[in-house]
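J.: My questions all concern the structure below.
What follows draws every value from the coordinates through simple rules; no lab data is involved. Owing to the predicted nature of the structure, the values given are computational and were not obtained by experimental measurement. Cβ coordinates were reconstructed from backbone atoms using ideal geometry, including for glycine residues, and neighbour counts include every protein chain displayed.
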Amino acid sequence: MITPIQSFFAYWFGCSVLLATLLGLWFGDEQFTWSQTTHNLVLGGLLLAGFIVAILLNYKRIKEQIMGVDFFPCDYCSEPICDCGDYERCECGRRWCDLKCAEKDGYVQEDEDGEGKSCSFCRNEAAEDSDLFNFLLKKYNLKRDAVLSEYLEKQKDDEERDT
């Protein structure tokens, strides 16, 4: 696969060939014959087309390499956190806006065994709501669609009663 660096050089080489050819034609340089000019235009055009194809094929990878700023919610209070700012992070991937939220969520910088940073989710002392929901569905042999339709029907009845 063509790397972004290779496609970048193909782009600049193609532009250089086209520019040199067009300048030669513009100023009427005697060294350019029509066969050389045609050859250079075709070569430059192919190199530029190759660059465009390489960019399209590598778009996702190139997009990931371009630096950007991402925001994500604190796993405790849901306040937005900028990935280029200061925030607490556990080895499992949970993130908090500050140490207070992290500690409220069960994060410790060193446990009793002298081990490194961990949180209640790493130590299997807590679970996400989605995990609890899936556990209850399985335990009571329910299907998500059935629970959803029952919930929506209840919401509809509550709205009618309120009006």
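J.: How much length would be gained if the chain were fully extended between Phe135 and Glu91, taking 0.36 nm per residue of separation minus their Cα-Cα distance, in nm to one decimal? Don't skip to the answer; put the middle values down first.
T.: On the way: separation 44, 0.36 × 44 = 15.84 nm, distance 2.50 nm.
That pair, Phe135 and Glu91, stretches by 13.3 nm at full extension.
J.: Which whole-number percent is the relative contact order of the range 69-126 (Cα, under 8 Å, 6+ apart)? Could you put the intermediate results ahead of the total?
T.: Values: 85 pairs, mean separation 14.0, N = 58.
With pairs under 8 Å counted, the relative contact order is 24 percent.
J.: With the Cα gyration tensor of the range 69-126 in hand, convert its eigenvalues to equivalent ellipsoid semi-axes via √(5λ) and list them largest first in whole Å. Present the calculation step by step, with values, prior to reporting the outcome.
T.: Details: eigenvalues 88, 24, 17 Å².
Over the Cα atoms of the range 69-126, the semi-axes work out to 21, 11, 9 Å.
J.: Identify the trypsin sites (Lys or Arg not before Pro) of the range 94-163 meeting these criteria: DSSP loop state and at most 12 other C-beta atoms within 10 Å of the C-beta.
T.: Lys143
J.: Could I ask something else about it? Separation between the Val53 and Ala127 pseudo-spin-labels, each 7 Å from Cα along Cα→Cβ, expressed in nm?
T.: It is 5.3 nm.
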